[in-house]
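Student: Have a look at this one.
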Amino acid sequence: MTISHEPSAPLVVVVGATGMQGGSVINALIESDKAYRFRGLTRDTSKPAARKLIDQGVEMVGVSISADNAEKVHQAFEGASIAFEIDDGILMINAAKAAKVKLFIWSGLMSVTEASGGKYTHVDHFDGKAAITAYGRQSGIPFVDVQAGTYASNFTSTLAPRKQADGTYAIGLPFGPDTLIPIIDMASDYGLFVRQAIESTAFGAGSEILTCGELLPVGDMFKQLSEITGKSVVFHQLSDKEYLAAMPEMIPDRIKVEFLDQMKYIDDFGYYNGKSVVPSQQQLARKPRTWAEFVKATDWSKVLA
Ligand SMILES: NC(=O)c1ccc[n+]([C@@H]2O[C@H](COP(=O)([O-])OP(=O)(O)OC[C@H]3O[C@@H](n4cnc5c(N)ncnc54)[C@H](OP(=O)(O)O)[C@@H]3O)[C@@H](O)[C@H]2O)c1
């Protein structure tokens, strides 16, 4: 279906429309047989990603989301039926509430401090998102938390395997090969789960959706990567000390510890704290990609050069 401009179509306000998650949300809703209008928020309506959305029929609004810009943020939500948001949620929850949106969809994460019973207390970007989830849930706004799994694209960028002297590739993480990763092709599939939150009766206000294409042991990910690309990519378990030492020096110590705590939490408790991802997959419009399908669809020539 194309983007609607009929006033009767729900207006979906997408924060981060030019980004990976927001872009995926717009694409998934365009694929729907239901009609939607879209308003995307960006700091710069002249950037190519924003221009492309304008050409597709998305109303793009230039607004920087920050507390000192509250009035503009509130204006950006006026008339909205549904809102999707990835960051800085409190200001936008308030703006969406004032606009009386029917559904606020938030890209949240678990509270690692809470889920681990205080064992891992440094994963601020998870805990921070969970605090916004709690705020949203108590705000009275119809609120769905669509949690983002591990981006498959992380393994082509920040977590790309590194070339070794013998020509093979290696990736080291501070857990063993059996640790389960909720891997998702974010650009292709995150929007599917948001569409499910909007269109499926099973996931109304108050629900939680845990996204992934599959829950795969990390060792299997790299076996499959080797098989499909024909390159030898070996997974190693690192000690905590080795993992910290392997991070680039420019990363502040506080962030290094945050990454380590996040990895240890995933190993100990599971990314989704042991919750099943199966109910979140039940009413998707199509199957999300597996890791192997992501690998096949990706150009690895620069990553495994
Ligand atoms: N990597 C992972 O495995 C992983 C896992 C779970 C969750 N996450 C979370 O995913 C989120 C990132 O989402 P993404 O991948 O979609 O990001 P992205 O592709 O980097 O896009 C970021 C978007 O946010 C917009 N934005 C940034 N600052 C803004 C501001 N001040 N005002 C208005 N818009 C602003 C950008 O718009 P403009 O540039 O056009 O203004 C852009 O559309 C992060 O919160 C991260 O914690 C990541």
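The values are calculated or read from the model by the stated rules, or taken from the named source; none is laboratory data. In this text the structure is predicted, and so the values were computed from the model without any measurement. Methodologically, a virtual Cβ is constructed for each residue, glycine included, from the backbone with ideal geometry; neighbour enumeration extends over all protein chains shown. The area values use the complete protein model at the heavy-atom level, side chains included, leaving out ligands, DNA and RNA. Shrake-Rupley method; radii C 1.70, N 1.55, O 1.52, S 1.80 Å.
Student: Give a quick list of GluC sites (Glu not before Pro) in the stretch 78-131 that DSSP marks as loop, anything other than H, G, I, E or B, with at most 16 other Cβ atoms within 10 Å.
Tutor: Here the GluC sites (Glu not before Pro) that fit, given the DSSP loop and packing criteria, are 78.
Student: While we're here: Residue by residue, what Karplus-based ³J(HN,Hα) values in Hz, rounded to whole numbers, does the stretch 222-236 have, using 6.51, -1.76 and 1.60 with θ = phi - 60° and x for Gly and Pro?
Tutor: Whole-Hz 3J(HN,Hα) from phi for the stretch 222-236: 7, 5, 5, 4, 5, 4, 6, 8, x, 9, 7, 10, 10, 8, 10.
Student: I've got another one for you. Give a residue-ordered list of calculated ³J(HN,Hα) values for the stretch 211-219 (Karplus: 6.51 cos²θ - 1.76 cosθ + 1.60, θ = phi - 60°; whole Hz; x for Gly, Pro).
Tutor: 8, 5, x, 6, 9, 10, x, 4, x
Student: Expressed in whole Å with the largest first, what are the equivalent ellipsoid semi-axes of the chain derived from the C-alpha gyration tensor as the square root of 5 times each eigenvalue?
Tutor: One finds semi-axes of 34, 22, 19 Å for the chain.
Student: Which shape class applies to the stretch 1-155: rounded if a/c is under 1.5, otherwise prolate when a/b exceeds b/c and oblate if not, where a ≥ b ≥ c are the square roots of the Cα gyration tensor eigenvalues?
Tutor: Verdict is prolate for the stretch 1-155.
Student: Sticking with this structure for a sec: How much accessible area per residue does the stretch 149-196 have, counting only protein heavy atoms and a probe of 1.4 Å, in square angstrom? Walk me through the numbers on the way to the answer.
Tutor: Details: 1650 Å² over 48 residues.
Here the per-residue accessible area is 34 Å².
Student: Using the Kirkwood radius built from alpha carbon pairs, what does the Stokes-Einstein equation give as D for the stretch 114-176 at 25 °C and 0.890 mPa s, in µm² per second?
Tutor: 161
Student: If packing is taken as the average number of other Cβ atoms within 10 Å across a peptide's residues, how do 221-227, 35-41, 105-111 rank, most packed first?
Tutor: In decreasing order of mean packing, 221-227, 35-41, 105-111 become 105-111, 35-41, 221-227.
Student: Another one. How many angstrom lie between the Cα centre of the stretch 14-41 and the Cα centre of the stretch 236-305?
Tutor: That distance is 25 Å.
Student: Counting other Cβ atoms within 10 Å, which trypsin sites (Lys or Arg not before Pro) in the stretch 224-305 have at most 12 and lie in a DSSP loop?
Tutor: 286, 302
Student: Could you work out the local net charge near residue 79, counting Lys and Arg as +1, Asp and Glu as -1, over the other residues with Cβ closer than 10 Å to its Cβ?
Tutor: Cβ neighbours under 10 Å give a net charge of +2.
Student: Tell me the trypsin sites (Lys or Arg not before Pro) within the stretch 88-134 that lie in a loop according to DSSP and have at most 15 other beta-carbon atoms within 10 Å.
Tutor: 100, 102, 119
Student: Dividing the alpha-carbon Rg of the stretch 9-90 by 2.2 N^0.38 Å yields what?
Tutor: Scaled against compact globular proteins, the figure is 1.02.
Student: Taking R0 as 22 Å, what's the FRET efficiency between residue 35 and residue 286 from their Cβ-Cβ distance, rounded to 0.05?
Tutor: The calculated FRET efficiency here is 0.70.
Student: Here's another thing I want to ask about it. Calculate the radius of gyration of the Cα atoms of the stretch 106-210 to one decimal place, then report Dmax, the largest Cα-Cα distance, as a whole number, both in Å.
Tutor: Spelled out, the Cα radius of gyration and Dmax of the stretch 106-210 are 17.1, 58 Å.
Student: Once the Cα atoms of the stretch 178-284 are picked out, what are the Rg and Dmax in Å?
Tutor: Both quantities, over Cα of the stretch 178-284: 17.0, 49 Å.
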